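In what follows, a structure is listed as structure tokens, so that the remarks can point back to it.
Values in this text are rule-based calculations from the coordinates and carry no lab data. The model shown is predicted, which means the values in this text are computed figures rather than measured ones. Don't worry about glycine lacking a Cβ; one is built from the backbone with ideal geometry, like all the others, and counts go over all protein chains shown.
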Amino acid sequence: MNHEVLYKTPKTLLNKGTGFLNGYSHTLNPYTGCTFACSYCYVRQMPVSLFRKQEWGSWVDVKLESSDILLKELQRAKSKGPVTIFMSSSTDPYQPIEAKEEVTRALLETMVSEPPDFLLVQTRSPLVRRDIDLLQQLGEHVRVSMTVETDRDDIRKHFTPSAPPIQARLKTLELLRDAGIPAQAAIAPVLPSTEDFPHLLRPLVHRVCIDDYFMGDGSGGKRTKRLPVQALYEELGEEQWYNPASYKVVYDRFSKVFPKEQLFVSQKGFEP
């Protein structure tokens, strides 16, 4: 699929952390738009997507001069108090175009030279492994949150055909672990998975966050309801999984394998 790529110089990069992310002083999005185009993405129902009149996933804006802009904003923000950053709230910082444009890498370089108090990197892309050298320099001030919604790649293909394979994400968690970089698996949103799932993740992470549409889309599930998500479950005969209680099934499976203090639910798991 051809994606429309536009280059823009933003006025600002750091936005105030609000709503679901109010535990952070700021959010940071290296791109506008996201070509992973996940079927259930709540951003589809947000102004950034609705105003564009183009299908979410078909376009992406690359933010130019990002590192210079961020450096000034970081210095200003740090003079006012602690700076905690969630990257990213409405795009994946390691979507495919990042391999070529390296906006996220440039932003990380800036943060290595002017470190925030805490940075959470939220992605579903194995490309994050390219930046292990920079993440190591951030030490305890960083956490990589790798989305692994399921252990079944057939399910991943059905819901998010443009997103990276599950196996590549698990391998990336292994590389992050071996490099000593704090990381968590984000089962967000919960998709149908098997009883083996917790055993797959157990050697890879000491932190798991479980979230679903009903808690995690910032509107109690209303944004997701406006997307044809339920039909995707029905096509597979898995509609029992599209339910506010299904996260508990996953939580119970994980609590048999992980100690309770390593399991987080929804907002808590994404906080600094």
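Structure data summary
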quantity	calculated
Equivalent ellipsoid dimensions for region 1-101 as semi-axes, Å, which come from the Cα gyration tensor, largest first	25, 16, 11
All aspartates and glutamates inside 15 Å of K53 as judged from Cα atoms, apart from same-chain residues fewer than 8 positions distant	E4, D61
5 Å binning of all Cα-Cα separations within region 128-272, expressed as whole percents from 0 upward	2, 9, 19, 22, 21, 15, 8, 4, 1, 0
Within region 201-272, trypsin sites (Lys or Arg not before Pro) in DSSP loop having at most 10 other beta-carbon neighbours inside 10 Å	K256
Aspartates and glutamates whose Cα lies under 13 Å from that of K11, excluding same-chain neighbours fewer than 8 positions away	E65, D68, E73
Subset of K78/K171; K63/K260; K78/K157; K222/K268; K78/K248 violating a 30 Å alpha-carbon distance limit	K78/K171; K63/K260; K78/K157; K78/K248
Estimated FRET transfer efficiency when R0 is 45 angstrom, pair H199-D117 (beta carbons, to 0.05)	0.85
Mean Cβ neighbour count within 10 Å, used as a protection proxy, ranking 151-158, 106-113 highest first	106-113, 151-158
Relative contact order of region 114-160, pairs being alpha-carbon contacts under 8 Å that are 6 or more residues apart, as %	46
Gained length - A231 relative to K8, 0.36 nm times residue gap less alpha-carbon distance	76.6 nm
For region 177-236 versus region 33-77, the gap between their alpha-carbon centres in whole angstrom	22
Overall Cα dimensions of the chain, principal axis frame, Å, largest first	50, 43, 31
